[in-house]
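Everything on this sheet refers to the single structure shown next.
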Amino acid sequence: MLIVFGFKTVFRVLPGRMLTCRYCGITALQRLEEQANKFTLFFIPVFTTSRRYQMVCSNCGGSTSLSRDDLKAIG
């Protein structure tokens, strides 16, 4: 019997916000990104093992990691 399993990383862009960047100090669009690692069985995603969120400045490209609570506080 052959069982094929593995992990897959899925990136998703969430709606951004106009905020001041902590790196360049410019008020610009801050893009919110979600990275989810999923367990796959026969190449079908079964469940999510972890999620990470980050905010990326559209001006300088600086990124900041966010927790789920920080994401809820932003809106």
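The values are calculated or read from the model by the stated rules, or taken from the named source; none is laboratory data. Since we're looking at a predicted model, the values are computed, not measured. Note: ideal-geometry Cβ built from the backbone for every residue, glycine included; neighbour counts use all protein chains shown.
Odds and ends about this structure:
- The set of residues from region 1-26 being touching a residue at least 40 places away in the same chain (Cβ under 8 Å) and either over 15 Å from L66 (Cβ atoms) or loosely packed, with under 10 Cβ neighbours inside 10 Å (or both) comprises just one member, F7.
- Inter-residue pairs, beta-carbon under 6 Å, first farther than 15 Å from V13 by Cα and in region 51-68, second at pLDDT 95 or above and assigned to a loop (DSSP other than H, G, I, E, B), 6+ apart: none
- Extreme residue, farthest from M18 (Cα to Cα), among residues of region 40-73 that are surrounded by 14 or more Cβ atoms within 10 Å (Cβ to Cβ) and of a type in the set (V, I, T): T40
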